[in-house]
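Here's the structure, in structure tokens; my notes come after.
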Amino acid sequence: LCAKVENEKYYTQQQALCRYKSEHPTKRKALTDALGIMGKIENQTDTETLGILGAINKRLWEEMEDPSYLEAAIDAYKKGWNLHKDYYTGENYANCLMMQEKILEGDLSTHAKVEARLTFEEVVKIILASLEEDEPEELMWKYATLANSYYALGRREDGEKNEVLFKKQNPDAWQ
């Protein structure tokens, strides 16, 4: 099967996703293998590819605390966010900036914090403008993202409201 679809982007994305989620034989090995698999994809400009690359690099950062992986995650998510204004890449871009803010100093730390805040605010606007047009599973993820974004913005009441809406979508059944 691999030989027949070796160049198919979706197959490569799913292969990398399964590889890194397997955490076998170790989490680090699975992540580095997945990063190698993703390297086979040319023209890395779609949200799925950029989201997976961001996720792999973010997890490598969490695993190894090497700032280059956090930078790579930020770059992938930022590219997806800037190209597509996709709330998934936007939320993850902002979350990674918040992680980066903690390891930077001075103006760079302030910049990461402000950029994260602005991104969360834009993510909220994008989702609020599109809430009525979705199927239940998509709606579930939008409420989850809204809750996380509001919490990050310090808007606890709005975060709690959207967390309740997320749970009303019965997320356990989707998982």
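The values are calculated or read from the model by the stated rules, or taken from the named source; none is laboratory data. In this text the structure is predicted, and so the values were computed from the model without any measurement. With ideal geometry, Cβ positions are generated from the backbone for all residues, glycine too; neighbour counts draw on all protein chains shown. Note: areas computed on protein heavy atoms with side chains; ligands, DNA, RNA excluded. Shrake-Rupley method; radii C 1.70, N 1.55, O 1.52, S 1.80 Å.
For Lys27, give me every one of the lysines with a C-alpha distance below 27 angstrom, ignoring sequence neighbours fewer than eight places off in its own chain. Those lysines meeting the cut-off are Lys9, Lys40, Lys58, Lys78, Lys79, Lys102.
Put one equal scatterer on each alpha carbon of the chain, apply the Debye formula with no solvent term, and list log10 I(q)/I(0) at q = 0.09, 0.14 1/Å to two decimals. Debye intensities relative to I(0), on a log10 scale: -0.34, -0.83. Derived scalar couplings between HN and Hα for segment 70-75 equal 5, 4, 5, 5, 4, 4 Hz in order, rounded to whole Hz, by the Karplus curve 6.51 cos²θ - 1.76 cosθ + 1.60 (θ = phi - 60°), x for Gly and Pro.
Using 0.36 nm per residue and subtracting the Cα-Cα separation, the extra length available between Tyr10 and Glu23 on full extension is 2.6 nm. Working note: Cα atoms of segment 118-175, range along each principal axis, descending, whole Å: 32, 21, 15. Each residue of segment 107-118 is assigned a 3J(HN,Hα), and the resulting list reads 4, 5, 5, 4, 4, 4, 5, 5, 4, 4, 4, 4 Hz, derived from the Karplus form 6.51 cos²θ - 1.76 cosθ + 1.60 (θ = phi - 60°), x at Gly and Pro. Here each label is just a point 7 Å from Cα along the line to Cβ, and for Leu104 and Tyr151 those points are 2.4 nm apart. Surface exposure of the chain, expressed per residue as accessible area with a 1.4 Å probe, stands at 59 Å². Assuming charge only on the beta carbon of Lys and Arg (+1) and of Asp and Glu (-1), the dipole of segment 15-138 about its Cα centre is about 540 debye to the nearest 20. Among the protein heavy atoms of the chain, carbon and sulfur supply 49% of the accessible surface, probe 1.4 Å, non-protein parts ignored.
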